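Following: one structure in structure tokens, then a few remarks.
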Amino acid sequence: MKGRLIAGTAAILAALGASSFYVVSGAYDFGADTPHWALTRVVIETFRDHSIAVRTRDIVVPDFGDEKLVLKGAGQYAAMCVNCHLAPGMKDSEIRPGLYPQPPNLSEKRVDPARAFWIVKHGLKMSGMPAWGLGHDDAAIWSIVAFVTKLPGLSEEHYKQMVADAPPDEEMGGMKMDGDKAGTGGNPAQDKGGAKPVGGHQH
Ligand code: HEC
């Protein structure tokens, strides 16, 4: 028993020593053009998915029936998301092939609305997916999510029409992209009391 304990401790120390050596040796390639090992990917995805599942448990998804809400989201999607997540009729973009992980093509992939809301609001560490909640209120984010749920299966013409019919920026709640100072800033609609939360869920 004691022998096994010593052997086990020695093995753990050896593994720690080897991994520390590996880290400080600089052998690991941090470049985005070298994919993760399969194990690293599984570990990251498992971490990510459990973390998101816990945080989305109590999110109440609002009714997406309001056509205006979806149109608002179309305009915001076209302004903020297409370069990374593409749109109907778009084969690729300048930035997307070089991103790692590669953003999913949301014109083809269906996403769960509560999960999408959380990800759009909070972003994803070490992925390039921004936390849009820093500059946009929940109502604005729900409108984007409402549109994203309609996106797979839209024709190119229908997509372009929706973007063209989207209300102009000043009518959209919390939509200023102008690097306003953090804190109260970046959310003019809220300052004016203009944006009404759509869903039951508020952070
Ligand atoms: C700079 C690139 C970039 C921009 C801009 C961007 N995203 Fe992302 N997005 C990503 C990356 C990278 C991921 C993570 C992919 C992964 O983990 O496999 C991601 C993940 C997501 C996911 C999760 C998809 C899934 O499979 O569960 C959603 C939903 C999403 N983004 C929506 C949006 C929306 C909506 C916008 C615009 C408001 C946006 N993203 C803007 C890069 C971007």
Point to revise | Residues (in contact (Cβ under 8 Å) with a residue 24 or more places away in the chain and among the polar types (S, T, N, Q)) located in the stretch 39-93 | key: Thr56, Gln76
Check your understanding: For the stretch 45-62, does any single residue satisfy the condition of being in a loop (DSSP other than H, G, I, E, B) and either within 14 Å of the chain's Cα centre (by Cα) or over 28 Å from Ile144 (Cα atoms) (or both)?
Key -> no
**Study point:** Residue under evaluation Glu94, criteria (1) surrounded by 10 or more Cβ atoms within 10 Å (Cβ to Cβ); (2) at pLDDT 95 or above; (3) more than 9 Å from the ligand (Cβ to nearest atom), criterion not met
**Key:** (1)
Check your understanding: surrounded by 12 or more Cβ atoms within 10 Å (Cβ to Cβ), under 19 Å from Ser143 (Cβ atoms) and more than 8 Å from the ligand (Cβ to nearest atom) - does that describe any residue in the stretch 25-45?
Key -> no
Revision key, fill the gap. Selection from the stretch 85-110 of residues in a helix (DSSP H, G or I) and of a type outside the set (D, E, K, R) yields His85, Pro97, Gly98
Review point. Do the conditions hold for Ala87, that is, is it over 30 Å from Phe147 (Cα atoms), of a type in the set (A, V, I, L, M) and within 15 Å of the ligand (Cβ to nearest atom)?
Key: no
Point to revise | Residue in the stretch 70-84 that is assigned by TED's automatic domain parsing to the domain that holds Ser143, part of a loop (DSSP other than H, G, I, E, B) and over 18 Å from the mean Cα position of the chain (by Cα) present | key: no
Practice item. With respect to Gly65, determine if the residue is assigned by TED's automatic domain parsing to the domain that holds Val145, of a type in the set (Gly, Ala, Ser) and surrounded by 13 or more Cβ atoms within 10 Å (Cβ to Cβ). Key: no
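Report those helices (runs of 4 or more DSSP H) wholly inside the stretch 111-195 carrying at least 1 residues which are more than 16 Å from the ligand (Cβ to nearest atom) and modelled with pLDDT of 85 or more. Let's see the steps before the verdict.
Details: elements: 113-122, 138-150, 156-165, 188-192.
Answer list for the stretch 111-195: 156-165.
The values are calculated or read from the model by the stated rules, or taken from the named source; none is laboratory data. All of these numbers come straight from a predicted model, not from anything done at the bench. Cβ coordinates were reconstructed from backbone atoms using ideal geometry, including for glycine residues, and neighbour counts include every protein chain displayed.
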